[in-house]
Protein chains: 2
Amino acid sequence: MRKVLRDEQLIDPTEAVQLAISRLPVKLPVSEVSIIDAIGKRSAEEVESPIDLPPFSRSTVDGYAIRSSDVPGKLRLMGKLNIGEEPSVTLPPGQCIEVDTGSALPPGADAVVKVEDVRKTSEFVEVTSSVSPGLNVAWMGSDLVQGEPILSQGEQITSEKIATLAAAGISTIKVVEGLKVAVITTGNELVPPGSPLPPAHVYESNGWYLAARLKELGHEVLGPTMVRDNYEEILNAISEAVDRSDLVLVTGGTSAGERDYVHAALSSLGEVVFHGLRFKPGKPTVMAIVRGKPVFGLPGNPASTVMVFDRIVNKYLSQGGWDEPLTITAVLAAPVMADPRRFTYVPVYAFRSTSTTFVYPIIFDSHMIGTLSSSDGYLALPPGTRLEAGSVVEVRLLKVDPRPVVLGEEERSLSLSNNVRKLLVGSRPACDALRMGFGDVLIVSSLLCQPDSYQYSMTRTLFWSGRGVEVGYVDWVGMSSLTKTAHVKVKSPSIALKFLNRGRVLLPSTYHAGEEEVGEETLYVVVRNNSRKFLEGIK
Amino acid sequence: MRKVLRDEQLIDPTEAVQLAISRLPVKLPVSEVSIIDAIGKRSAEEVESPIDLPPFSRSTVDGYAIRSSDVPGKLRLMGKLNIGEEPSVTLPPGQCIEVDTGSALPPGADAVVKVEDVRKTSEFVEVTSSVSPGLNVAWMGSDLVQGEPILSQGEQITSEKIATLAAAGISTIKVVEGLKVAVITTGNELVPPGSPLPPAHVYESNGWYLAARLKELGHEVLGPTMVRDNYEEILNAISEAVDRSDLVLVTGGTSAGERDYVHAALSSLGEVVFHGLRFKPGKPTVMAIVRGKPVFGLPGNPASTVMVFDRIVNKYLSQGGWDEPLTITAVLAAPVMADPRRFTYVPVYAFRSTSTTFVYPIIFDSHMIGTLSSSDGYLALPPGTRLEAGSVVEVRLLKVDPRPVVLGEEERSLSLSNNVRKLLVGSRPACDALRMGFGDVLIVSSLLCQPDSYQYSMTRTLFWSGRGVEVGYVDWVGMSSLTKTAHVKVKSPSIALKFLNRGRVLLPSTYHAGEEEVGEETLYVVVRNNSRKFLEGIK
């Protein structure tokens, strides 16, 4: 029978990670590699510089090594110290030595005068102004002292760190390697991408997500393997995967039965560590230990798989101080509310303005992987959180889209350049953007707000077409104000168009010449800064 | 003879990139790969969804598909629609159909009531409250409409995008592949890491940096190959590399002669496109076309190699709208000044406070690769820029260090936990941090500032030791106020200690019991929030 996960039995995400780590700490393998192959990996140990950097005091210019107290004055030139050559004598007072950039500074010298700043004869060098001690010298150890740490244990190795390791003479380093991870997906409705899609079926995407993400993190992936929604098949697939790998991830399909199959199979094969998270999306997550190996059962909704992997599985795998994702502080551009009882993860669009990053919480349901993948990051909100527009929030940033943004109503007669980011999700965020000062091109409907000034406007008539289920728009779209009774709320006229022969659909005349006129709206196009070039179709 | 690069002959970095692109556009190869192998690569084409997502309207819960206008009421149960099963009939008024999460919604139905929200007998289902149309339904196309773009051309492919491609049925994709890049380093003073270091020599690091960075960006690397500072050898190495690769990078050593050798070799082998950038660090950069292939000559200082690669070579390679690095806005915590005539790149430390990121410009010289690699990012300043503390700046962020930060004076008797980031660079930034509100543990000297409150303090006596060149401290260190005449200015007492037998060194008693007492300073330790645990040695 269906197992119901009651709120009071759920555990917090942080607690779940701690519990998993304490019950079965992950041992990631370590290998010694050439520093070039260490790029992007994590250091398995603290690495200290075995030498000073620079290893000796060096000239940073081509010129003459002097005693600064000798100048202004005429100095006898006692020869040249080539790069790579060890100084054999101390510089006597009143004399100088020619040096190249990088030559060792001879003992006694405390400054170097540039070749273009002296008057030179064959035997003498004249310096006419005074010189600060230390001028043009890179002192021994001034960059890094022997024993100073270059890398901490667990630190991700950047190309700049590799340069520093090389400069310190280190050619190989111990790094943390990945695990062998088996990925299993379950569900009768699933079809692998690349094959034809039968009616009422969907393409499997969770396994591909996990495989790509694990690969990105340096793990080796077995699978994804698709299993039907059948207890025996699921049990056998998990059991076999446990023998062949270090970690097993199973994503449930979405039927009620199969969630129980995974849980039942794990209970039968080993010991369940936790089942049920105060986490949205991703409540029915389960973790078990089977023959000494960790197995996670993830919910079948794509957004749940992404969030649970990011916040639970990956934190378990990295178990240390270095697993924190890249977060930035930003200003919330619209109110947001968490689930009253669960930690809630809300995807956002991020917008840069001159001095602030604004984030806009996205209308979202956990099946919407396409919408999630177009987001720039997400907010992690504790249960019951309510935040007003203008609040400062921490955002987990997934990517930064450098393109100018067109935000607002969808209207297919407006031709937009290919080099822009199109967020044609409705007027609501565009009206907020207008007020708060972000976005490059804003397209707003007169039904939701009216800009003080604009570069272009057009009026479109709105019509009901067809019969049956009423198809309107989500609150972000201007036309939503005309369709309070809609059965279906879609995100844009192009989606509404899909329902044309299946219901009563509200559409602008520019999409479909309809039957019953409802009214009209004016779309205002506000072009900020010099974003004009991104609107091709507009004079 | 030495070629002098005059300011008026230098070109702007943006102009240099444009010139290189217009003279010799890069053709990056394209290949079709499994979506899993596309992770982190760039899409070679715009990819649109071939289907709607969801492909049909689906239930998002386990329950009963109904006509919302029928409830409250008692509905006849007409059977079950399993997941993966195509609806064969329209739901008649007054009836309902059992559905699983993910089952197709039968025509006529416009909502689903959860199984736990009904009273059920064998033949009837009773819904006692009214139900909004659309409840618990994921409408066809509500995530993504057929024809909606999933990826833009040149967009980097994330694991979330791979999930979306899979969900849309796409199993392979055309991606941009890397080039074959030859890396050559020149210089007589260079020794490869891993071998013994002769006097007056340094380890080669530029080639290793470039190889790692190129590998990270998906290019194949030939080398790094070390060549001596000899015209014939450099000419032959470049000529051979051009034949074996798509792009050649040569880093000069630092002697005057060899900069000319690379330039002379390039002039002789092909055509120089530009020589000399209004760019700091990295003025003597050269680009040439040799037998139809691009060759860049980079200056030998490690910081120049990093900056020129990032801002010139990589922009040339990515030549499009998607090459912008990750930048954030931050508040400058100390004044900064650009070179009057050159675009100037200044590494910074980044500090997070509740609502702001502060950045602190680092005391820096272009040979300091260790210091650069410990920075969090850099500022790119146009020539002549002067910015005051408190200015809002754009920062190119290279990494985010999640550890708590200990900032301030170095004192080896203070034992610090291993889990902290130690920026023991002196009191100046710590005093600013105290005032502006960032940093977790601050250690300031009474010689530079005095906190209102503190958790711990200690006094140390300061001594001159030894004879000769005077070794003091950079302005950030408290003791610098006692050593205005220092010939050598180092960053910390541990570096000063290295000069003990070579000069007159100012040191605290805790480092060396000296001869001539100069005074004393009190170190105050200010522990913010609950960072107490990071100070192990302090009661």
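None of the figures in this text is laboratory data; all of them are computed from the coordinates on show. Keep in mind that this is a model prediction, so the values were computed, not measured. With ideal geometry, Cβ positions are generated from the backbone for all residues, glycine too; neighbour counts draw on all protein chains shown.
Between B:Ser417 and B:Asp475, what length in nm is gained on full extension when 0.36 nm per residue of separation is reduced by their alpha carbon distance? The partial results should precede the final answer.
Working: separation 58, 0.36 × 58 = 20.88 nm, distance 2.69 nm.
Once the chain is fully extended between B:Ser417 and B:Asp475, it gains 18.2 nm.
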Reduced to Cα centres, the span from the stretch A:63-83 to the stretch A:257-307 in Å works out to 74 Å
Between copies, how close do the A:Gly218 label points come, placed 7 Å along Cα→Cβ, listed in nm from shortest? 2.1
Beta carbon of chain B nearest to the axis of the rotation taking B to A, residue and angstrom distance: B:Ile328, 3
Would you tally the net charge around B:Phe358, using a Cβ to Cβ cut-off of less than 10 Å, leaving B:Phe358 out, and scoring K and R as +1, D and E as -1? 0
By the DSSP-based rule, helices of chain B that are at least 18 Å long along the axis (C-alpha) and have a mean Kyte score of at least -0.5 are B:231-244, B:256-269
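Quick one, what does Rg over Rh come out to for the stretch B:59-215 if you take C-alpha atoms and the Kirkwood Rh? Provide the component values of the computation, followed by the final result.
On the way: Rg = 30.6 Å, Rh = 21.0 Å.
Ratio of gyration radius to Kirkwood radius for the stretch B:59-215: 1.45.
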Given H placed on each backbone N at 1.01 Å, which residues far from B:Glu204 in sequence or on other chains put an amide H within less than 5 Å of it? B:Val191
Show me, bin by bin at 5 Å from 0, the whole-percent P(r) of the stretch B:56-99 based on Cα pairs. 5, 21, 35, 25, 12, 2
Separation between the A:Glu220 and B:Lys80 pseudo-spin-labels, each 7 Å from Cα along Cα→Cβ, expressed in nm? 4.2 nm
As an exercise, use a Förster radius of 60 Å and the Cβ-Cβ distance of B:Glu126 and B:Asp452 to find the FRET efficiency, rounded to the nearest 0.05. 0.30
Which value results when the Cα radius of gyration for chain B is divided by 2.2 N^0.38 Å? 1.35
For B:Met337, project a label point 7 Å along Cα to C-beta. Then give me every residue of the stretch B:438-478 with its amide nitrogen under 18 Å of that point. B:474-476
Quick one: with label points 7 Å out along Cα→Cβ, list the inter-copy distances for B:Lys114 in nm, shortest first? 7.4
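Using the 10 angstrom Cβ neighbour count as an exposure proxy, how do A:Asp365, B:Asp440, A:Asp110 rank, fewest first?
A:Asp365, B:Asp440, A:Asp110
Assuming R0 = 30 Å, what is the FRET efficiency of A:Ser69 and B:Leu500, from their Cβ-Cβ distance, to the nearest 0.05? Before the final figure, lay out the partial values.
Details: r = 22 Å, r/R0 = 0.72.
Here the calculated transfer efficiency is 0.90.
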For A:Val61, which sequence-distant residues (separation of 5 or more, or a different chain) have an amide H within less than 5 Å of its own amide H, given hydrogens modelled in the peptide plane? A:Gly102
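Rg to Rh for the stretch B:50-151: what is it, with Cα atoms only and Rh by Kirkwood? Mind showing how you got there, number by number?
Values: Rg = 14.0 Å, Rh = 13.7 Å.
Rg/Rh: 1.02.
Do any of B:Lys293/B:Lys315; A:Lys41/A:Lys161; A:Lys27/A:Lys174; A:Lys180/B:Lys215; A:Lys174/B:Lys215; A:Lys161/A:Lys215 go past 21 Å between their Cα atoms, and which? Could the numbers behind the result be given before it?
Details: B:Lys293/B:Lys315 17 Å; A:Lys41/A:Lys161 11 Å; A:Lys27/A:Lys174 15 Å; A:Lys180/B:Lys215 23 Å; A:Lys174/B:Lys215 19 Å; A:Lys161/A:Lys215 23 Å.
The answer is A:Lys180/B:Lys215; A:Lys161/A:Lys215.
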Could you pull out every residue, at least 5 positions away or on a different chain, whose amide H is within less than 5 Å of the one on B:Leu222? Hs are placed 1.01 Å off N in the peptide plane, and Pro or chain starts have none. B:Val181, B:Ala182, B:Val183
Considering only the stretch A:404-539, what is the antiparallel percent among its DSSP beta bridges, to the nearest 5? 60 percent
With the Cα gyration tensor of the stretch A:413-523 in hand, give its eigenvalues times 5 under a square root as the equivalent ellipsoid semi-axes, listed largest first in whole angstrom. 25, 14, 13
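Compute the FRET efficiency between A:Ala513 and B:Glu46 as 1/(1 + (r/R0)^6), taking r as their Cβ-Cβ distance and R0 = 22 Å, and round to the nearest 0.05. Could the numbers behind the result be given before it?
Values: r = 30 Å, r/R0 = 1.35.
E(calc), rounded to 0.05, equals 0.15.
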With θ set to phi - 60° and the Karplus curve 6.51 cos²θ - 1.76 cosθ + 1.60, what are the ³J(HN,Hα) couplings of the stretch A:420-426 in order, to the nearest whole Hz, using x for Gly and Pro? 10, 8, 9, 10, 8, 10, x
How far is the Cα center of the stretch A:490-522 from the Cα center of the stretch B:390-404, in Å? 47 Å
Read phi for every residue in the stretch B:366-376 and hand back ³J(HN,Hα) as whole Hz from Karplus 6.51 cos²θ - 1.76 cosθ + 1.60, θ = phi - 60°, with x for Gly and Pro. 6, 7, 8, 6, x, 5, 4, 6, 8, 7, 9
Alpha-carbon spread of the stretch B:377-457, three principal axes, descending order, Å: 43, 27, 19
Residue order, fewest to most surrounding Cβ atoms within 10 angstrom, among B:Phe56, B:Phe358: B:Phe56, B:Phe358
Give the distance, in whole Å, between the Cα centre of the stretch A:116-150 and the Cα centre of the stretch A:326-387. 54 Å
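Give me the number: length gained by fully extending B:Glu232 to B:Ser353, i.e. 0.36 nm times residue separation minus the C-alpha to C-alpha distance, one decimal in nm. Spell out each step's value before the answer.
Numbers: separation 121, 0.36 × 121 = 43.56 nm, distance 5.54 nm.
Net length gain for the segment: 38.0 nm.
Sort A:Ile11, B:Ile312 so that the residue with the fewest other Cβ atoms within 10 Å of its own Cβ comes first and the one with the most comes last.
Working: A:Ile11 17, B:Ile312 23.
So the ranking, lowest neighbour count to highest, is A:Ile11, B:Ile312.
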Viscosity 0.890 mPa s, 25 °C: Kirkwood-radius Stokes-Einstein D of the stretch B:325-402 over Cα pairs, µm²/s: 195 µm²/s
If you count the DSSP beta bridges with both ends in the protein assembly as shown, what percent of them are antiparallel, to the nearest 5? 65 percent
Within chain A, cysteines having no neighbouring cysteine beta carbon under 4.7 Å are A:Cys96
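Give the whole-number value, in cubic angstrom per residue, of the convex hull volume spanned by the C-alpha atoms of the protein assembly as shown. Write out the running numbers ahead of the final one.
Details: hull volume 193.0 nm³, N = 1078.
About 179 Å³ per residue, rounded to a whole number.
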For A:Ser417, go 7 angstrom from Cα along the Cα-to-Cβ vector, then report the distances to that same point in the other copies in nm, smallest first. 5.0
